[in-house]
1. Between C:I271, C:I175, C:I200, which gets the highest mean-square fluctuation from a Gaussian network model of chain C, Cα cutoff 10 Å?
2. Give the lysines reachable from C:K240 as a straight Cα distance under 27 Å; neighbours fewer than 8 places away on the same chain don't count.
3. If you add up the charges near A:Q27, with Lys and Arg at +1 and Asp and Glu at -1, over every other residue whose beta carbon is less than 13 angstrom from its beta carbon, what do you get?
4. Can you find, among B:S207, C:W153, A:V95, the residue sitting farthest towards the positive end of the charge dipole of the protein assembly as shown, where Lys and Arg contribute +1 and Asp and Glu -1 at Cβ?
5. Out of the DSSP beta bridges found with both residues in the protein assembly as shown, what percent are antiparallel (nearest 5)?
6. How much space per residue, in cubic angstrom, does the convex hull of the C-alpha atoms of the range A:1-125 take up?
7. Debye calculation, C-alpha points only, no solvent: report log10 I(q)/I(0) for chain B at q = 0.09, 0.13, 0.14, 0.16 Å⁻¹, in the same order as the q values.
8. Report, by chain and number, residues whose modeled amide H sits under 5 Å from the one on A:F19, excluding near sequence neighbours (fewer than 5 apart, same chain).
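All of the numbers you see were taken from the coordinates with simple rules; none came from a lab. Here the structure is a predicted model, which is why all the values come from computation and not from measurement. Glycine gets a Cβ as well: all are built from the backbone with ideal geometry, and neighbour counts include every protein chain shown.
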Amino acid sequence: MKIEAKNLGFRYDGYPWLFRNVDLTIQPGEIVGLKAPSGYGKTSLCKILAGYEKPVEGEVLLNGEPINSKGFHPVQLIFQHPEKAVNPRWKMDKVLNEGWRPDQSLLDLLGIEKEWMTRWPNELSGGELQRFCVARALGPDTKFLIADEMTTMLDAITQAQIWHAVLEIVRERNMGMIVVSHEEKLVQRLCHRVINLDEITSRM
Amino acid sequence: MPILEVEDLSISFKQYTSKWQQETLTVISGLDVVLEEGEILAVVGASGSGKSLLAHAILGILPGNAIQSGTIKYKGETLTSARQEELRGSEISLIPQSVNYLDPLMRVGKQVRASAKSGDPVTLQRDVFEQLHLQEGVENLYPFQLSGGMARRTLLSTAMVSGAKVIIADEPTPGLDPVVIKEALKNFRAFADQGCAVMLITHDIESALTIADKIAVFYAGTTMEIAPVENFKGKGEALRHPYSKALWNALPQNGFTPIPGSQPQSNALPPGCLFAPRCPIATPACGEARPEMRELRDGKVRCIHED
Amino acid sequence: MRQAIQTDRLALNRRHWMIFFTIFAAVFLALVVIGGTFLNPERIATNFQEKNLAPSLHHLFGTDWLGRDMFSRTVMGLSLSIKVGLIGAIGSTFIAVSLGMIAATMGKAADRIVSWLIDLFLSVPHLVALILIAFTLGGGFKGVVFGLMLTHWPSLARVIRAEVMQVRSSEYVKISKRMGKSSVWIAAHHIFPHLLPQMIIGFLLLFPHVILHEAAVTFIGLGLSPHEPAIGVILSESMKYLSSGMWWLAFFPGLSLLLIVRIFDWVGENIRILADPTKAHE
């Protein structure tokens, strides 16, 4: 499924526009890097695409249709800080199975170990938690994945492990993906093309 | 001349492992690190390897349930907790990892000025903000109005105006764009060249390499290797420890090759070499005892195989 | 292999001690309530042969000018206080949770109204508001209980409101919504588990306040009626006899009240520390 953003504009009440007139189209199976200087609203754009924020102007279409805001959102966003993305009062198996029940092969692919399931979030490292967040986001209804600095807080080995797993799934399911990362080498390695947000927006 | 010496540092915590059972967990064991004047030492390793705790131990801000052994010396003087408190913020300055350390109710310009110990606080703050590409209006904003990158640069400014001799920067770069990272790192370099020292705690090897003189590779609470920065090149042939090599080859610009497994939890550390369960060259001997740190080719390594 | 050193299983850590004392305190409070309920009313019957006796083994707290056993009266009074406190604290907690939730979830207008109410009640001293409400409702048991319920909720309501707002704005709740979870599901699974400890602790810490205020209102004659064996009644009656040297009439009941209040306060604090993750390992 392709995702389209049409004429998107966003700002917080009473603040200047973060971006306006943003148009972008991403085809299924395409991995696209998103670049912009700090403070240009990369995160806000990701949140709009994944349904976390409503755009002030414009719309997001999936296969030409607006996205239904009820139910499992077909565009899933993975955040930078996994420790904020899980409820600290939930055990990990509850966290993992909140939206759907990932099968064993996915858990193996992501290197999620069985004994982690009975732990509390504060007993796992950031890298371990992020694997859960990735598994949780890759439900059967997920058509599109956005990784906003997904592995920024992780060491190189864990980063490589997680990305190898994600790439395998994304290819297998022919999903589209947006990668936001300040790490240029990573973006080069992963992405088919790179969009520069400050080149496709006006900040009036 | 060494400005900061950490000798045989171990840190353990009394923790409740279940609802009522307490255990002592050793999070850092037998750690030695020396920071020389005019030097930038990068401490790299996975999260949970004890990097941040090292910083907290040096500053004397470990939580109440921590048990610490070993010595920390500043300019040859063994630090006590009273001395640490005096030095904190004046001679030794921490750039914390979390942007939550900013006071949410104070304008950021004012917060930065409060750290200036000599000179005109306003000019100092404005100069630093300019160097770090923080626009003029930013000083009047509150932390919640800043983007993640801007908040991080504000933390950086706080340490830079303080006039400290040692800066310990705990993950200063994530979420910053390359231009700002470059600028911040350049500032560290300039700072070290004045005869001060920087300990750069990071998992971002790439940016560490651009400015550091030495790299200490952390794994599961101890240093696996201390290597001059020139050793990090090619396929990592000049590196001494298999973990350093694996870390190096996992970078996106090198092989992007992961090795399986994950760092052991501190309540389930292997008895011998901490890296042995994931090590490609491990032998039964590796599982028997923790290898000691030894000198090797202008660096140090904790591995019985390399020579 | 587990490398960590297991501490001696027999050695009690701080948490063990806390639990031990909390159970001990709970048993003690239960004994007072049960004692007060099942103590033979004969013991507080008028008996002029044994009036004005100083404390002895037979009458631990002495007897009063009508020959009533002060120990029995005190236990009954405390028992009544705890019951009134229980109803008052439950009512207050209920009001606090409801208003806190309403403020945090039902929009700006609701938040403004609730916050205004909280400020209003906090700006008037508890006791003054309590007296006004108790008096308006005609005093007695009903007046006191309603007065207590209606005056003790504001600070807890504020805590609940802040907690709900914080959880609602957290990333994991937003993620939950994007996974198609309903507001009701999120309230039950994400928000409620965060409120439960706040509610229990809030409830326990309200208790001593409610008990003391009940005793105070009763003491000045606006609370429970004089023929109830309430601590406030005992204390105010004994005032008249203090000058005649019968110190035990006020001393033991007062001390017992203080003890009960301190125990509740202490249990509440302990549970708060146990539930606080930042202090979890001390």
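1. Fluctuation is largest for C:I175.
2. Within the straight-line limit of under 27 Å, C:K240 reaches these lysines: C:K51.
3. +1
4. C:W153
5. 55 percent
6. 155 Å³
7. -0.47, -0.96, -1.10, -1.36
8. A:F10
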